1. If you average the sequence gap of Cα pairs under 8 Å that are 6 or more apart and divide by the length of region 3-95, what percent do you get for the contact order?
2. Among ALA245, ALA195, ALA264, which one shows the biggest mean-square fluctuation in a GNM of the chain, springs joining Cα atoms closer than 10 Å?
3. Pick from ILE125, ILE329, ILE84: which is most flexible by mean-square fluctuation in a GNM of the chain where alpha carbon atoms under 10 Å apart are linked?
4. Which value, in Å³ per residue, describes the convex hull spanned by the Cα atoms of region 1-59?
5. If you place +1 on the Cβ of every Lys and Arg and -1 on the Cβ of every Asp and Glu, how big does the dipole about the Cα centre of the chain come out, in debye to the nearest 20?
6. Could you tell me, in Å, what Rg and Dmax come out for the Cα atoms of region 23-154?
7. Please report the relative contact order for region 111-207, taking Cα pairs under 8 Å with a sequence separation of at least 6, and give it as a percent rounded to a whole number.
8. DSSP loop (so not H, G, I, E, B), at most 16 other Cβ within 10 Å: list which trypsin sites (Lys or Arg not before Pro) in region 58-111 pass both filters.
Amino acid sequence: MEQTDILQEIQGIQQQALDVLQAVEDEKALEAWRVSHLGRSSAVMQVFSQISKVPAELRPQVGQEANKVKVALEDAFQQKSDGIKQAALEHTLKSDVLDVTMPGRRPLRSGIHPANQTLRKIYKIFGDMGFQVYRSREVETDAFTFEYLNMPPYHPARDMWDTFYTTEEDVVLRTHTSPGQIHVMRENAPEPVRAILPGMCYRYEQISARSEIQFNQVELIAIGKDITFGDLKGTLQDFVNRLFAREVRTRFRPNHFPFTEPSAEMDVECFVCGGQGCPVCKHAGWLEILGCGMVHPVVMQNGGYDPNVYTGFAAGMGPERITMLLNKIEDIRYFWSNDIRFLEQF
Ligand code: DAH
């Protein structure tokens, strides 16, 4: 075959393919065109696969020409494809009624976890009263969790706290924030100190609507000279008034905690029924919100203060429990199950 014949034939392939492409108007036809003009058995591809039959001296030129055609067809394909897409888009924009006055879709907002919202309120209130926020460790020794708090080994009061023990001897997950009392006292003795200690606590409990294995507590401690039970009552009364943003009726019931003497629990009037009795307060008219008392002399001494010179009060409360009461949440498990339908409500 003559050189010019072959080259002309190759040119012809390009022209013919482009002529057909002119008439293509949609994606489907375009795909069919691609298969027949750039696919494996297309004319241009045949040139490559048959090139061994071309006289050796012509091969380089034939190869180059065929390649030019292939590139040209690929470019034309791409242009056509872009054109079709653009046309489809314009069609949609023209034919769909676009109501620019329609309200947009609200993006999901993140928020502060309900337990943390209550914690922040507690920080603010006690901060305003001159208490510093103190962080203490979640992994504790047996001594800080129990012994220094007036519960020697085998003391029956330890049964009040179901404890997660670790494989490390003497190392436990704290069951309450009270061990922080000892840390705060030891860091500050013999200076007077007022602090709150918030944080996670862990208990080896059967999880139920009323008890979780992890939860927050906030510990309160004030040490100084001449601090009395009256100071404790006044501070806590002021605290709940600020927390509930009104004058709240309270009562103190005698109780027992090994680390305080005397000890009490504070109740607030049921804010659902106002003290009349309802299912939320189990018809008592009162809701228990914290434990408290005067720091026991043994604890005082373990903290490095002379119990003959210093007195102090302490209290412990559960922010999840307070949040439950405030929002009539009936199941504590909601707090840590990460269900967006629950969290979104706060
Ligand atoms: N630590 C106690 C608990 O987890 C709560 C508590 C009671 C803390 C009385 C105190 C207190 O500081 O004085 O049940």
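1. 35 percent
2. Result for the chain, Cα springs under 10 Å: ALA245 fluctuates most.
3. For the chain, modelled as a Gaussian network with Cα springs under 10 Å, the answer is ILE84.
4. Expressed per residue, the convex hull around the Cα atoms of region 1-59 is 61 Å³.
5. So the magnitude is around 860 debye.
6. Over region 23-154's Cα set, Rg and Dmax evaluate to 37.5, 104 Å.
7. 36 percent.
8. Hits after loop and neighbour filter: ARG105, ARG109.
Each value in this text was obtained by applying a stated rule to the coordinates, not by laboratory testing. Here the structure is a predicted model, which is why all the values come from computation and not from measurement. Glycine gets a Cβ as well: all are built from the backbone with ideal geometry, and neighbour counts include every protein chain shown.
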